[in-house]
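Everything below concerns the one structure shown next.
The values are calculated or read from the model by the stated rules, or taken from the named source; none is laboratory data. A quick note: this is a predicted structure, and the numbers were derived from the prediction, not measured. Cβ coordinates were reconstructed from backbone atoms using ideal geometry, including for glycine residues, and neighbour counts include every protein chain displayed. Accessible surface areas use protein heavy atoms only, side chains included; no ligands, DNA or RNA. Shrake-Rupley method; radii C 1.70, N 1.55, O 1.52, S 1.80 Å.
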Amino acid sequence: MTAPLSGLRVFDLTRILAGPTCTQLLGDLGADVIKVERPGQGDDTRKWGPPFVPGPDGSDTTESAYFLSANRNKRSLAIDISQPEGQALARKVIGYCDILVENFKVGNLARYGLGYDDLKESHPGLIYCSITGFGQTGPYAARAGYDYLAQGMGGMMSLTGEPEGEPVKVGVGIADIMCGMYASSAILAALHCRGMTGLGQHIDLGLLDSQVAWLSYEGLNYLTSGEVPKRQGNEHPNIVPYKVMPCADGLVIIAVGNDAQFARFCEFAGCAELAEDERFQTNAARVRNRDALYGHLPEYTRRKTQKEWVDGLEERGVPCGPVNTLDKVFADPQVLARGMKVALPYPGCEKGEVDVIGNPIKFSETPVEYRFAPPRAGQHSDEILRELLDMGPEDCARLRGKGII
């Protein structure tokens with residue numbers, strides 16, 4: 001069977017991370033994603049390095065690891081949409097597409113005749129998804145938005161870091177990534193709706209909105225209690241013990257989820273009396289007395305090695321694990337068995353292939369396909385124009401000579 005979204009085509013006017021995350025996921029699911037880039041420049045993140053992909057002689061190419069992270073399963077079409085002929089060409093290609101995803105500032109694409117209102121009548125079935133910093137409406141709509149700002153303004157940084165330290169952002173652009181995932185979900189819902197009505201629609205997503213949405217239980221802790229949550233480092237606001245603890249040869253994560261697990265943990269740790277202490281018998285009591293409990297536990301956790309903790313607690317059904325650096329992550333037998341590191345052919349680089357992170361979705365009948373490595377800027381321009389618009393080599397050469405493609 002073919003991939004779930006085979007037969008669908010995406011006109012991808014995105015760059016950086018939120019939009020490309022969305023369109024990469026659609027590409028992984030089988031959609032034909034046409035990534036539109038500026039001739040001679042391409043996506044800004046192509047230059048966001050080092051590290052860069054090494055060339056045949058080991059020296060840096062112009063393709064960054066950052067770009068590779070969000071642009072597989074796409075074909076690159078270089079069009080200068082600032083020129084009228086480029087705009088006309090873009091509209092012709094859009095006529096063969098089901099979905100358009102863009103992350104320009106509010107109103108910018110309308111300057112080129114490529115806004116939703118410019119296209120909806122001539123393309124009534126088009127699903128048009130806009131990703132911006134703050135959405136299409138509201139007092140901040142005209143502002144540029146970035147992941148860092150969204151994490152700060154949306155409260156995530158106030159929850160991350162040590163209690164006495166400064167607020168800390170998450171180690172990757174998680175506001176961008178989550179916004180891209182919300183966008184892909186919205187597009188799939190709009191596709192289902194179009195299947196019933198025949199009509200497309202405009203999807204409006206903002207980084208700040210999506211960041212606020214995934215405050216999750218911490219957001220509800222505040223809305224329910226009226227108390228502003230404080231940073232707790234590696235601790236959990238509602239579960240104890242749930243923390244990185246010292247062990248004989250480093251650190252180990254202890255993640256006790258219920259009272260029965262706590263009793264089994266204490267038995268293995270050699271501190272069964274703590275499970276019988278009324279201050280610690282229930283999770284609610286442990287949360288209220290977390291400082292007292294955490295004052296006792298290191299004495300016991302330091303007596304065993306990381307492996308002894310992981311193996312011993314696994315046998316007893318108590319969640320426990322190491323804090324892995326990325327070299328250990330991508331060597332982990334579970335990670336490898338699940339296909340989370342994928343090598344794709346990439347001519348012109350040192351190894352002839354590049355490693356990318358695999359898609360976590362596992363279908364029983366329509367598996368994710370890794371059809372294309374991340375493209376070079378404009379790599380597929382002639383191919384796409386020939387395929388969709390029946391343009392020959394002379395047509396493409398003329399457009400290239402004028403700087404349109």
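Below is a table of values for the structure above.
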| read-out | value |
| --- | --- |
| In range of the label at Ala292: residues from segment 232-252 whose backbone nitrogen is under 18 Å from the point 7 Å along Cα→Cβ | 239-242 |
| Relative packing of 36-43, 283-290, which averages over residues the other C-beta atoms within 10 Å, highest first | 36-43, 283-290 |
| Highest-first arrangement of 355-362, 6-13, 195-202, where packing means the average Cβ count within 10 Å | 6-13, 355-362, 195-202 |
| Segment 1-156, Cα convex hull volume normalised per residue, Å³ | 146 |
| Label point 7 Å beyond Cα of Glu121 along Cβ direction - residues of segment 61-96 with amide nitrogen under 16 Å | none |
| Cβ-placed point charges (K, R +1; D, E -1), dipole of the chain about Cα centre in debye, nearest 20 | 520 |
| Partners for Lys362 among aspartates and glutamates (Cα-Cα distance below 12 Å; same-chain residues under 8 apart left out) | Asp28 |
| (1) 26, 54, 19, 1; (2) 28, 58, 14, 0; (3) 22, 48, 25, 5, 0, with the label sought being that of the calculated P(r) over Cα pairs in 20 Å bins from 0, in percent | (3) |
| Helical mean residue ellipticity (222 nm; -39500 (n - 2.57) per DSSP H run of 4+; nearest 500) of the chain | -10500 deg cm²/dmol |
| Solvent exposure of segment 153-306 as accessible area per residue, Å², 1.4 Å probe | 53 |
| Long pairs among Lys35/Lys351; Lys47/Lys74; Lys47/Lys230; Lys47/Lys341, criterion Cα-Cα beyond 28 Å | Lys47/Lys230 |
| Equivalent-ellipsoid semi-axes of segment 194-276, from the Cα gyration tensor, Å, largest first | 41, 17, 14 |
| Mean accessible surface per residue for segment 1-82, computed with a 1.4 Å probe while every protein chain stays in place, in Å² | 34 |
| Whole-percent carbon and sulfur share, accessible surface of the chain, 1.4 Å | 54 |
| Protection-proxy order for peptides 77-88, 47-58, 293-304, each taking the mean of Cβ atoms within 10 Å per residue, highest first | 77-88, 293-304, 47-58 |
